[in-house]
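Just so you know, all these numbers are worked out from the coordinates, no wet-lab data involved. Please read all numbers here as calculations on a predicted model, not as lab measurements. Note that each Cβ is placed from the backbone with ideal geometry, even for glycine, and that neighbours are counted across all protein chains shown.
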């Protein structure tokens, strides 16, 4: 497993249709050593801090193995490293094998996997095609965000070392599947919520979902009891 490319970029203004927006999705590979900070990499920035960045989404990693798939899917376009807005283009880790809470070392920095990446309108604006949001999510080739546990320095070519597997083994793919499920099972939600390292926004989502399911179940029981009373 290794780090293929380190990619950074500062927010910029772009136009999409009749709208303009500011985005930090445009990343470019950089040579040499890059310093990893608690909230991002040196030379990198996020535009909308209400939905991007923060401790749970400090660094975005994306498997290099997915690039060939997207070249087939998207046709004759140039896809250099960092094309999907990732800070780290990686080799050897995937959504199916990587779990929320896994600790990985790269260079002298220590990271922890926190959540999948959900595509947003910035991705559609970059590629100038609205269908890529649904296709990105449907492909489950989402990549994943990392929390910085220890600051340090990294560079392309560094080995990626899996230092600790989270004991619950909730993979990035599993949690994405649950997120898009129309009929999530409460036991699966409880399993996800058992992962201590899960990003706060995802924890809040699944706690709300679990609460709504319990409310629905309670209402179903209430209605069934009233029906039995009427039938007596």
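Projected over every direction and averaged, the convex hull enclosing the alpha-carbon atoms of region 97-196 yields 7.7 nm². Computing FRET efficiency as 1/(1 + (r/R0)^6) for residue 177 and residue 1, where r is the C-beta to C-beta distance and R0 is 22 Å, gives about 0.40.
Using the per-residue mean of other Cβ atoms lying within 10 Å as a proxy for protection, in what order, highest first, do the peptides 88-99, 178-189, 18-29 fall?
Values: 88-99: 20.4, 178-189: 12.4, 18-29: 15.5.
Most protected by this proxy first, the peptides run 88-99, 18-29, 178-189.
Does region 58-100 come out rounded, prolate or oblate, given a ≥ b ≥ c as the square roots of the eigenvalues of its C-alpha gyration tensor, rounded meaning a/c under 1.5 and, failing that, prolate meaning a/b above b/c? Cα axes put region 58-100 in the oblate bin. If R0 equals 22 Å, the separation of the Cβ atoms of residue 20 and residue 140 corresponds to a calculated FRET efficiency of about 0.10. What is the distance in Å between the Cα centres of region 94-143 and region 5-51? Centre-to-centre (Cα) distance: 15 Å. Just so you know, the Cα atoms of the chain work out to an Rg and Dmax of 20.1, 79 Å. In this rough spin-label picture, where each label sits 7 Å from Cα along the Cβ direction, the residue 169-residue 96 distance is 1.5 nm. Note on 161, 30: ascending count of other Cβ atoms within 10 Å places them as 161, 30, the fewest first. With the simple spin-label model, which puts each label point 7 Å out from Cα in the Cβ direction, the residue 35 to residue 187 separation comes to 5.0 nm.
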